[in-house]
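**Student:** I am attaching a structure below and will ask some questions about it afterwards.
Taken together, the values in this text are just the output of simple stated rules run on the coordinates, not laboratory data. Please read these numbers as outputs of a predicted model, since none were measured by experiment. Glycine also receives a Cβ, built like all others from the backbone with ideal geometry; neighbour counts cover every protein chain displayed.
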Amino acid sequence: MLGKSLKIFLIILLLTSNFFAGKGQNIASPDTSFQQKLNVHSPHKATIYSALIPGLGQIYNKKYWKLPIIYGATGILIYAFDFNNEQYNKYKNAYSDMDAELITEFEGYTDKEILLRIKDNYRRNRDLNVILMAAVYLLNVVDATVDAHLFNYEINDDLSFNVQPAINKPVNYQQTYGLALRISF
């Protein structure tokens, strides 16, 4: 018992020491660190915002045009989930009623195997909608994180492509001629 509580104590000690490590080592003056904090665009904040409420990370990144895409895709998938779930339950009940011989026909279908295939098709579509909703959610979080990382990235209009002759001198001191390609960003 003593060994288990010692392990827990050591884990807590490690976690707290990592939390407090590096505190008090700020060399910059308070004014410059405050100014740097104002200018920094945090990918961590964008990730948390977007994970809590889909689209909030895009608002934080000032990419407002992505909101209709996120909410449109989510709305379509929720509608499709609701439709497929409703149809699945309808055909599941009809299949169980036909299996118990309470009904002999449902919407023109007399074979219970056909009802079973239709029911399974709607169930598969419903499950795929859940997977797609999770994918849209994850893409929303990843998009907010990547946009936040690239928020302060400056694109320079001065892209150059330079081709010029070059002379190389390998180990045996014989000159070789060729072309050098230099791309500057």
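**Student:** Quick one: if the Förster radius is 35 Å, what FRET efficiency do residue 52 and residue 167 give, using the C-beta to C-beta distance and rounding to 0.05? Before the final figure, lay out the partial values.
**Tutor:** Details: r = 60 Å, r/R0 = 1.72.
E between residue 52 and residue 167, to the nearest 0.05, is 0.05.
**Student:** What full-extension length gain, to one decimal in nm, is calculated for residue 131 and residue 103 as 0.36 nm per residue of separation minus the Cα-Cα distance? Could you put the intermediate results ahead of the total?
**Tutor:** Working: separation 28, 0.36 × 28 = 10.08 nm, distance 3.45 nm.
Extra length from residue 131 to residue 103 when fully extended: 6.6 nm.
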